[in-house]
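Undergrad: Can you read through this structure? Questions will come right after.
The values are calculated or read from the model by the stated rules, or taken from the named source; none is laboratory data. Computed from a predicted model, the values in this text were never measured in an experiment. Glycine also receives a Cβ, built like all others from the backbone with ideal geometry; neighbour counts cover every protein chain displayed.
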Amino acid sequence: MANTLSAATQLWTCDTAAAVTTAGAIVTNVYYVPSAANDDLIITDQNDVNAIILKAGASDATPVQISFGEDGRYLNGLKIGTIDGGTAYIYLKKRGSF
């Protein structure tokens, strides 16, 4: 799989370390389903500055999530800097609602 956007729902499904978008993005929620214990997810801005970091538990691969509320968190571009395994679901604020 690759990093894909559902335009209808503004949901990025990501499993590959790569640039997602160079445009500004408002992230409202990140849900990370790791493959194994201690897997890391690091989301950066377009300048490779760490912006959101999630880590699986030391003994299990329970999903991890973070919410930034309805206002969200603005990022100047969006990259998956590191994803050790699994899939990240990145919810963006819907266009027209900001």
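Undergrad: From the residues in segment 48-70 that are aliphatic (A, V, I, L, M) and part of a loop (DSSP other than H, G, I, E, B), which one is farthest from the chain's Cα centre (by Cα)?
TA: 58
Undergrad: Look through segment 20-33, keep the residues that are surrounded by 15 or more Cβ atoms within 10 Å (Cβ to Cβ) and of a type in the set (A, V, I, L, M), and return whichever of them is farthest from residue 78 (Cα to Cα).
TA: 33
Undergrad: State yes or no: is residue 93 modelled with pLDDT under 95 and touching a strand residue (DSSP E or B) at 6+ places or on another chain (Cβ under 6 Å)?
TA: Criteria met by residue 93.
Undergrad: Okay, next question. Name every residue in segment 1-37 that is at pLDDT 95 or above and among the polar types (S, T, N, Q), in order of residue number.
TA: 13, 16, 28, 29, 35
Undergrad: While we're looking at this one, here's another question. Go through segment 34-52 and count every residue that is closer than 22 Å to residue 93 by Cβ and surrounded by 14 or more Cβ atoms within 10 Å (Cβ to Cβ). I'd like the intermediate steps shown before the answer.
TA: Of segment 34-52, the ones closer than 22 Å to residue 93 by Cβ are 41-47, 49-52.
Keeping just the survivors that are surrounded by 14 or more Cβ atoms within 10 Å (Cβ to Cβ) gives 41-46, 51-52.
Going through segment 34-52 one residue at a time, the tally reaches 8.
Undergrad: If I filter segment 11-20 for residues that are closer than 16 Å to residue 87 by Cβ, over 11 Å from the mean Cα position of the chain (by Cα), assigned to a strand (DSSP E or B) and not acidic (Asp, Glu), do I get at least one hit?
TA: no
Undergrad: Cβ-Cβ under 6 Å, sequence separation 6+ or interchain: first residue in segment 53-79 and touching a residue at least 24 places away in the same chain (Cβ under 8 Å), partner in a strand (DSSP E or B) and small (Gly, Ala, Ser). Which pairs?
TA: 75/25; 75/51; 78/25; 79/19
Undergrad: Which condition from (1) free of Cβ contacts under 8 Å to residues at least 24 places away in the same chain; (2) touching a Leu at 6+ places or on another chain (Cβ under 9 Å) is the one that residue 7 breaks?
TA: So residue 7 meets the others, but not (2).
Undergrad: Which residues, counting only those in segment 80-98, are surrounded by 13 or more Cβ atoms within 10 Å (Cβ to Cβ), closer than 22 Å to residue 8 by Cβ and either free of Cβ contacts under 8 Å to residues at least 12 places away in the same chain or hydrophobic (A, V, I, L, M, F, W, C) (or both)?
TA: Once the filter is applied, which keeps residues that are surrounded by 13 or more Cβ atoms within 10 Å (Cβ to Cβ), closer than 22 Å to residue 8 by Cβ and either free of Cβ contacts under 8 Å to residues at least 12 places away in the same chain or hydrophobic (A, V, I, L, M, F, W, C) (or both), segment 80-98 yields 80, 88, 90, 92.
Undergrad: Out of 24, 86, 57, I need the residue that is of a type outside the set (S, T, N, Q) and at positive phi. Which one?
TA: 86
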